[in-house]
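Undergrad: Here it is: the structure, laid out below.
The values are calculated or read from the model by the stated rules, or taken from the named source; none is laboratory data. The shown structure was predicted, so the numbers you read here are calculated from the model rather than taken from an experiment. Please note: Cβ atoms are built from the backbone with ideal geometry, for glycine as well, and neighbour counts cover all protein chains shown. All accessible areas refer to the heavy atoms of the entire protein, side chains included, with ligands and DNA or RNA removed. Shrake-Rupley method; radii C 1.70, N 1.55, O 1.52, S 1.80 Å.
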Amino acid sequence: MARRITFTFGIAGIALVAAVVLAAGFFLFGPGNEPAAPLTIRYPYDGSLFPPEIAPTTFVWRDIDSGANAWRIRIEFADGGNAVTGRSSTTEWTPPAALWEVIKKRTMNQPATITIRGVKSILPFLARIRSEARVTISTSPDSVGAPIYYRDVPLPFNFAKEKMELIQWRLGDISRSERPPVVLENLPVCGNCHSFNRDATMMAMDVDSGGDKGSFAITPVEKQIFLTRDKLITWNDYRREQGAVSFGLLAQISPDGRYVAATVEDRVIFLGKEGGKIEFSQLFFPVKGIIAFYDTQTLEMRSLPGADNPNLVQSNPSWSPDGKYIVFARAELRDCIRTDKTKNIVLSLNQSSTFLGGDQFLQDATNAPAYTFSLYRIPFNEGRGGTPEPVPGATDNGVSNYFAKYSPDGKWIVFCKARSFMLLQPDSRLWIMPADLSAPPREMKYNTGRMNSWHSWSPNSRWIVFSSKEYSPYTELFLKHVDENGNDSPPVRLAQFSSPDRARNIPEFVNIRQGGIEKIQESFVDYYSYIRKGEKLEEFAKWNEAEESYRTSIQMNPDFAETHRKLAYLLMRRNAFDEAEREFETARRLEPKDLITYQNLGEVYLLQKEYEKARAEFEKCLQMDPKYSPAHSGLGFIHLGKNEPEKAMASFEAAIRLDPDNFDAHYSLGGLYMDRKRYDRAEQAFRNAMRSEKYDYDPEAFARLGTVCLYQEKLDAAEQAFTSSLKLDPENMGARNNLGIVYLKKNDLPRAEQVFRQLYQMNPEHPGICLMLAQVLGRREQGLNEAISLYNKSISMAPRNIQAYLDLAALYLKTGDRVNAARVLDRASQVAPGDRAIRAQVDALRRQ
C-alpha cells in the first residue's frame with residue numbers, strides 16, 4: 001500500500017511560503033533584473049496625436065528575441081489618476097471601445113505614456129520581465145469632421161487592369177471600427193481620379209465610356225448618384241476638329257464647382273510591371289500635355305493661357321480654395337515625344353523604352369535617368385490665365401515635385417517630392433509651405449518610410465489623409481494632424497480601412513456626413529465598353545473572358561461590325577477557323593468597304609493553307625485600294641507558304657514601299673535574307689522592324705537580330721540583342737544558348753560557363769548543351785575532368801556528332817591520355833569513314 005505523505009501548514013508555514021514568493025518576486029522584478037532584449041513598438045508612433053472621434057486603434061509591437069510569451073500593457077496619464085492596464089498573448093492589443101473612449105478623454109491635449117512589457121511565465125503566479133518599450137500618445141480637440149472617399153484596388157496593377165470590375169470605391173468614417181461600405185463597384189471600364197468641390201455638392205470623376213479615354217463624369221452629390229450619359233463630357237472635344245486626342249489626366253473640379261481643370265492633348269507612360277511583385281507594380285506619369293478647363297455653365301472647353309505651352313509638359317492642376325490660382329506640375333518636353341507623329345495617348349512599350357533610356361528600364365525604372373517635374377502657380381482669372389510663377393523650393397531643384405494640395409483655409413500647400421517621375425514613387429515624401437509662397441517649403445517632420453502620396457486636407461484644414469506602404473505592399477491610409485504653424489504629428493493608421501488583399505489610394509475628404517452618399521451606379525456602360533474590356537482581357541491572354549465580353553457586346557448591339565471582327569480575330573488566334581470565318585463574313589456584310597475584314601479573312605485562309613482563297617481576299621483589298629500595304633504582305637506570306645521566296649521578297653518590298661512602318665514585311669524580309677546568308681541586309685531589316693510603330697517588344701525579334709549579328713561577328717551588338725530577348729522571355733533557350741556562344745567567342749569564360757550551366761540545369765539531357773558546356777570547361781584547367789564527362793555524355797546521346805569526338809580527343813591529348821585519345825579518334829573514323837575533311841582532322845590529331 002502506497003504511503004500517503006501530507007503537509008500541514010500553520011501560521012509559520014504560510015509565512016515561510018510568503019517569504020519565498022516575495023524573494024522570488026524580488027529576484028524576477030527587483031533591481032538589477034533588466035529586460036533581456038529590446039521590444040519595438042511599431043504602432044502607435046511615439047508622440048501620436050489622435051482625432052477625438054477615431055475608432056479604437058490597435059497597438060502593434062515586435063518582440064522577437066526576448067523569449068516573452070505574453071505582454072502587459074500599462075497606460076499612465078498626466079492627470080495622475082489610476083493607470084489603465086491590459087494583457088495580450090500576441091504582439092497586438094486593441095482596447096475595448098468603452099476603454100478607448102476613456103483613454104481619449106483623459107489624453108485630450110495631454111500625453112499618456114504607454115508601456116508594453118514582454119514577460120516569460122514560469123509559474124501561474126510567477127513571471128519574469130523579458131522586454132520593455134514605451135511611447136506617448138495624446139488626443140487632439142480638432143475633429144476630422146468628414147468621411148473619406150477612396151479607391152480599393154486589387155494588386156498587382158496588371159491584374160486590376162484585366163479585372164476592372166473588382167475595383168471598389170468606399171466612403172469611410174474614421175469613428176467606425178468596421179470596414180467602410182462600398183458605394184461604387186462592378187464598373188467594367190476604367191475609373192480613375194475623382195474630386196469634390198468645397199461643399200461637396202458636386203463630384204467629378206474619370207470614367208472610360210464607349211472606348212473614349214477622355215470621358216469624364218460631372219454629377220451633383222446625392223445619396224443615390226446615377227452616372228448617366230447626360231452627366232458625361234469628353235476631353236477629346238478639345239480641338240477635336242484638329243484631330244487632337246486627350247486622356248484628361250488628373251482632372252480636378254474647382255472649389256465652387258463651376259470649372260474642371262485637366263491635362264489635355266496629353267500622352268502618358270503607363271506600364272504595368274510583370275513578375276508578380278505588388279509593391280510598386282505600375283509606372284504612370286505624363287510626358288506631354290497642356291492645362292485646359294471646362295466651364296459647366298457655358299459648356300466651353302478652353303486651354304488656360306500660360307499653362308498651354310505645347311513645348312512643355314503641364315499637368316496635375318490644383319485649385320486654391322478661392323479659385324483664384326492653380327498650381328500645376330511642369331516638365332520639359334523630350335525630343336522623342338516632340339517629334340513622334342503617332343496619336344497614341346498611352347505610349348507603347350517601344351516608345352516608353354526610348355523615353356526611359358533603353359529597354360533595360362521596362363521592368364525596373366528606378367535606375368532610369370531622372371525625369372523631374374517642377375511646380376508653378378498661375379492666376380486663373382476666370383479662364384484668362386496669366387504668367388506662370390515658379391514655386392520657390394519646388395522648381396528646378398533636381399528632384400520631382402507634384403501633387404500640390406491647398407489647405408481649405410488657404411494657408412498651406414502640401415506637395416510630394418521624389419527622385420523622379422510622378423504618382424506612385426517609393427521615395428515620395430510630403431513637404432509643406434505657406435500658400436502665399438512667402439517662405440520656402442520644408443519637409444514635413446513625420447513622413448513614413450515608404451511612399452507618402454495621394455494626400456487630401458480635411459475641411460477644417462487640421463488633418464491630412466494620405467497613402468503609404470509603410471506596413472504593407474497593399475497601400476494603406478494614414479492621418480496626420482497639422483497645427484496653425486504647419487507642424488505635423490506622427491501619422492495615425494486607419495487600420496479599419498485596410499484589407500489583406502487590396503490597396504487603398506486616391507483618398508479624399510468629402511464635406512458631408514457619413515452616409516451622405518449611399519450608392520453610385522453607372523448607367524452609361526454600353527456595347528463599346530465591352531469591346532474595350534475584351535481588348536484589355538486579350539492583352540493578358542484571358543481568352544475565354546475576352547470572348548465572353550465580345551459576345552456580350554454583340555448581344556447589346558448585333559449590328560456593330562467591329563465587334564464581330566474582334567471576336568473573329570480572337571477565334572482565329574484560337575484556331576476556331578470556321579467560326580472565325582462566319583464572324584468575319586458578318587462583319588463584311590455590315591461594313592462591305594472595310595479593308596481590314598478582307599485582310600483578316602485572307603489570314604484565316606492563309607493559316608489553313610488555302611492559298612487561293614487567301615489570294616482572292618488580298619486581291620479584293622488591292623482592287624479597292626492598290627496602295628493597301630497589308631494586302632501586299634499577305635501575298636508575300638502566300639508565296640512563302642508555296643516556297644516561292646523571290647516572289648515573297650518582291651511582295652514584302654512592295655508592302656514596305658507603300659508603308660515603311662510595316663513590321664510584318666520588314667520582319668519577314670529579315671528571315672529571307674537570313675536564309676540567303678545576307679546577314680547585313682537581314683540585320684537592317686530586323687532593325688527596321690523594331691523601329692516600326694507596330695512593333696511592341698517581341699523577344700524573338702531581338703533573338704533573330706542577335707543571331708545575324710553573331711554571324712557577322714558583331715559580338716557586342718549580339719550580346720545586347722540576346723540579353724534584351726531574355727529579359728522579355730527568360731525561357732528562350734535558343735537566345736540563351738547563343739548568348740553563351742557570344743561569351744565563348746569573346747573568351748569571357750566565367751559568363752559563358754554561367755549561361756551554359758543555366759541551360760544544363762534546365763535540360764541536362766540535351767546533347768548540344770552538354771557539348772557547349774564541355775567546350776567552355778575544356779578551356780579551363782580546373783574544369784577538364786568535368787568536361788571529359790560531359791563530352792562522353794553528349795556522345796552517348798548523339799553518337800554521330802563528329803565535333804564531340806574531335807573535341808574529346810583533343811582534350812585527352814591535352815591531359816596526356818593518348819590511349820583514350822586514340823580510342824575516340826578510331827570511333828570518329830568509323831562514324832564518317834568517307835568524309836575526307838573529317839579524316840584530315842583525325843589524322844592531324846593523331847600526329848600530335
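Undergrad: Step through the residues of region 591-605 one at a time and calculate ³J(HN,Hα) from phi using the Karplus curve (6.51 cos²θ - 1.76 cosθ + 1.60, θ = phi - 60°), rounding each to whole Hz and writing x for Gly and Pro.
TA: Couplings: 9, x, 9, 7, 4, 4, 5, 4, 4, 5, 4, x, 5, 4, 5 Hz.
Undergrad: Each residue of region 324-331 in order: what ³J(HN,Hα) in whole Hz does its phi give by Karplus 6.51 cos²θ - 1.76 cosθ + 1.60, θ = phi - 60°, with x for Gly and Pro?
TA: Per-residue couplings from phi come out as 7, 10, 10, 9, 9, 9, 9, 9 Hz.
Undergrad: Where does each of 195-203, 178-186 land if you order them by average Cβ count within 10 Å, highest first? Could the numbers behind the result be given before it?
TA: Numbers: 195-203: 20.1, 178-186: 16.2.
Highest to lowest by the protection proxy: 195-203, 178-186.
Undergrad: Within the chain, what whole-number % of the accessible surface is contributed by carbon and sulfur, with the 1.4 Å probe and all protein chains included in the calculation? Write down the numbers at each step before the final one.
TA: On the way: 18920 of 37840 Å².
Of the solvent-accessible surface of the chain, carbon and sulfur hold 50 percent.
Undergrad: May I pose another question? With both bridge residues required to lie in the chain, what share of the DSSP beta bridges run antiparallel, to the nearest 5%? If you can, show how the numbers build up before the last one.
TA: On the way: 112 of 122 bridges.
Antiparallel: roughly 90 percent of the beta bridges in the chain.
Undergrad: In deg cm²/dmol, rounded to 500, what helix-only [θ] at 222 nm does the chain give when every DSSP H run of at least 4 residues adds -39500 (n - 2.57) and the total is split over its residues?
TA: On the way: 24 runs with 298 residues, N = 848.
The helix contribution divided over the chain gives -11000 deg cm²/dmol.
Undergrad: Additional query: Note the full-extension length gain between Glu101 and Glu786 as 0.36 nm times their separation in residues minus their Cα-Cα distance, in nm to one decimal. Show your work: numbers first, answer last.
TA: Numbers: separation 685, 0.36 × 685 = 246.60 nm, distance 7.34 nm.
Taking 0.36 nm per residue and subtracting the Cα distance, the gain is 239.3 nm.
Undergrad: Using only the heavy atoms of the protein chains and a 1.4 Å probe, how would Ser633, Ser796 rank by accessible area, largest first? Mind showing how you got there, number by number?
TA: Details: Ser633 5, Ser796 85 Å².
Largest to smallest exposure gives the sequence Ser796, Ser633.
Undergrad: Treat every Asp and Glu Cβ in the chain as -1 and every Lys and Arg Cβ as +1, leave all other atoms uncharged, and give the resulting dipole magnitude about the Cα centre to the nearest 20 debye.
TA: Working: 106 positive and 105 negative charges, 555 e Å.
That gives a dipole near 2660 debye.
Undergrad: How high is the FRET efficiency between Asn311 and Glu222 when r is their beta carbon distance and R₀ equals 51 Å, given to the nearest 0.05?
TA: Details: r = 43 Å, r/R0 = 0.85.
So the FRET efficiency works out to roughly 0.75.
Undergrad: Among Lys288/Lys536; Lys566/Lys609; Lys213/Lys324; Lys213/Lys288; Lys417/Lys533; Lys536/Lys727, which pairs are too far apart, with a Cα-Cα distance over 26 Å? Walk me through the numbers before you get to the answer.
TA: Values: Lys288/Lys536 24 Å; Lys566/Lys609 22 Å; Lys213/Lys324 29 Å; Lys213/Lys288 16 Å; Lys417/Lys533 35 Å; Lys536/Lys727 23 Å.
Pairs exceeding 26 Å: Lys213/Lys324; Lys417/Lys533.
Undergrad: Please give the FRET efficiency for Lys519 paired with Glu241, using the beta carbon to beta carbon distance and R0 = 35 Å, rounded to the nearest 0.05. Let's see the in-between values first.
TA: On the way: r = 39 Å, r/R0 = 1.10.
Step by step, r from the Cβ atoms, then E = 0.35.
Undergrad: Oh, and also: With a cut-off of 19 Å, note down the residues of region 701-723 whose backbone N falls inside the zone around a label point 7 Å from the Cα of Gln754 toward its beta carbon.
TA: Residues 715-723 qualify, since their backbone N sits under 19 Å from the label point.
Undergrad: Still on this model: ³J(HN,Hα) across region 608-621 via Karplus (A = 6.51, B = -1.76, C = 1.60, θ = phi - 60°), whole Hz, x for Gly/Pro?
TA: So the Karplus estimates, Gly and Pro as x, are 8, 6, 8, 5, 5, 5, 5, 4, 4, 5, 5, 5, 4, 4 Hz.
Undergrad: Can I ask one more? What base-10 log of the normalised intensity I(q)/I(0) is obtained for region 401-498 from the Debye formula, alpha carbons as equal point scatterers, at q = 0.14, 0.16, 0.19, 0.20 Å⁻¹?
TA: -0.46, -0.60, -0.86, -0.95
Undergrad: Quick one: which residues, 5 or more positions from Leu227 or on another chain, have an amide H under 5 Å from its amide H? H modelled 1.01 Å from N in the peptide plane, none for Pro or chain starts.
TA: Gln521, Glu522, Ser523
Undergrad: Follow-up question, since we're still on this one. Plugging the Kirkwood radius over Cα pairs into Stokes-Einstein for region 192-254, at a temperature of 20 °C and a viscosity of 1.002 mPa s, what D comes out in µm²/s?
TA: D, rounded to a whole number, is 175 µm²/s.
Undergrad: Efficiency by 1/(1 + (r/R0)^6): what FRET value for Asn344 and Met762, r their Cβ-Cβ distance, R0 = 41 Å, to the nearest 0.05?
TA: Working: r = 37 Å, r/R0 = 0.91.
Between Asn344 and Met762 the formula returns 0.65.
Undergrad: Another question, if that's okay. Which three extents, in angstrom, do the Cα atoms of region 653-801 have along their principal axes, listed largest first?
TA: So the extents along the principal axes, rounded to whole Å, are 59, 29, 24.
Undergrad: I want the local charge near Cys709. Using Cβ-Cβ distances under 9 Å, sum +1 for each Lys or Arg and -1 for each Asp or Glu among the other residues. Intermediate results must be reported in sequence, preceding the final value.
TA: Values: positive: Lys714; negative: Glu683, Glu713, Asp716, Glu719.
Net charge in that neighbourhood comes out at -3.
Undergrad: Can I ask one more? Using the Cα centre of the chain as origin and beta-carbon charges of +1 (Lys, Arg) and -1 (Asp, Glu), tell me which of Ile413, Gln599, Thr586 is placed farthest towards the positive end of the dipole.
TA: Toward the positive end, the furthest listed residue is Ile413.
Undergrad: What does the C-alpha gyration tensor say about the overall shape of region 625-694? Classify as rounded when a/c is under 1.5, otherwise prolate if a/b is larger than b/c, or oblate. Each step should come with its number before you reach the end.
TA: Working: a/c = 2.22, a/b = 1.10, b/c = 2.01.
In terms of gyration-tensor shape, oblate.
Undergrad: Then there is this: What does the charge count around Glu389 come to, taking other residues whose C-beta lies under 12 Å from its C-beta (Lys +1, Arg +1, Asp -1, Glu -1)? All intermediate terms of the calculation are to be shown ahead of the outcome.
TA: Working: positive: Arg330, Arg377; negative: Asp436.
Its environment carries a net charge of +1.
Undergrad: Just to be sure I understand, if you calculate Cα Rg over 2.2 N^0.38 Å for this structure, which of (i) 1.24; (ii) 1.01; (iii) 1.49 do you get?
TA: The value computed from this structure is option (i).
Undergrad: May I ask you to order 52-59, 486-493 by the average number of other C-beta atoms within 10 Å around their residues, highest value first? It would help to have the intermediate numbers written out before the result.
TA: On the way: 52-59: 18.2, 486-493: 20.6.
Order by mean packing, descending: 486-493, 52-59.
Undergrad: Next question, about the same structure. At q = 0.14 Å⁻¹, what log₁₀ I(q)/I(0) does region 540-691 have when each alpha carbon counts as one equal point scatterer in the Debye sum?
TA: Taken in order of the listed q values, log10 I(q)/I(0) reads -0.74.
Undergrad: Express the Stokes-Einstein translational diffusion coefficient of region 464-562 in µm² s⁻¹, to the nearest whole number, given a Kirkwood radius over alpha-carbon pairs, 37 °C and a viscosity of 0.692 mPa s.
TA: Working: Rh = 17.6 Å.
It diffuses with D of about 187 µm²/s by this estimate.
Undergrad: So for each of 728-736, 144-152 I average, over its residues, the number of other beta carbons within 10 Å; can you give me the resulting order with the highest mean first?
TA: Values: 728-736: 16.9, 144-152: 23.9.
Ranked from most to least packed, the peptides come out as 144-152, 728-736.
Undergrad: Along the charge dipole of region 649-787, pointing to its positive end and built from +1/-1 on Cβ of Lys, Arg, Asp and Glu, which listed residue (Asn763, Leu739, Ser724) has its Cα farthest out?
TA: The Cα lying farthest towards the positive end belongs to Leu739.
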